[in-house]
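Take this structure, written in structure tokens, and hold onto it; I'll ask about it next.
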Amino acid sequence: MSQGKASPEWSEDPALLATNLRVVLSQLVRRLREQSTIGDLTKSQEAVLLRLERDGSTTATGLARAEGMRPQSMAKIVKALEEAGLVEGTADPSDGRRTLLALTDTARGHFRTGGLAKDDWLTRAILDSLTPEEVDRLAASVPSLRRLSQYP
């Protein structure tokens, strides 16, 4: 199969297309993650930061539930992130006994600069490795990829 050409069997075999798409998207996500890191964080710590960035403030219990881990394990992750100055806790205005966790300005700054680094890398990759026709096809595929990302 030549670079930039769709394999004809992919359109005839949706399962093969799904497998190839999953592999390629995983590789692309890995490359994007390489462009921006917030220090020496574990995957679990990164996942918590990403969840807080995406979903907003929540409790440690809510984070543990969302990440599918024990509250004790989440407490250790949250403590490390607080010590790193990336997460802070404030009293829940609706229930002062609970603590809401949120990203600090430092963490938000890392996300902003990390997002810019990822955008810069991806722009360079598109311009340097794709033909104008491939750029057009890639642009035309974005709405379809967005719909796939929103499928339940």
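Rank 49, 148, 16, 32 by accessible area, highest first, at a 1.4 Å probe radius?
Largest accessible area first, the list is 148, 16, 32, 49.
A follow-up question, please. Over the chain, give the accessible area per residue in Å² for a 1.4 Å probe, as an integer.
Dividing the accessible area of the chain by its residue count gives 72 Å².
7 Å from Cα along Cα→Cβ at both residue 131 and residue 27: what's the point-to-point distance in nm?
In this crude spin-label approximation the distance works out to 1.9 nm.
Aspartates and glutamates within cross-link reach of residue 118: Cα-Cα under 17 Å, excluding same-chain residues under 8 positions apart?
List returned: 34, 46, 53, 128.
Between segment 21-76 and segment 78-119, what's the alpha-carbon centroid distance in Å?
13
Shifting gears a bit: Please report the carbon-and-sulfur percent of the accessible area for the chain; probe 1.4 Å, protein heavy atoms only, DNA, RNA and ligands left out.
Carbon and sulfur: 54 percent of the exposed surface of the chain.
The values are calculated or read from the model by the stated rules, or taken from the named source; none is laboratory data. The shown structure was predicted, so the numbers you read here are calculated from the model rather than taken from an experiment. Cβ: placed from backbone, ideal geometry, glycine included. Neighbour counts: every protein chain shown. Ligands, DNA and RNA are excluded from the accessible area calculation, which covers all protein heavy atoms including side chains. Shrake-Rupley method; radii C 1.70, N 1.55, O 1.52, S 1.80 Å.
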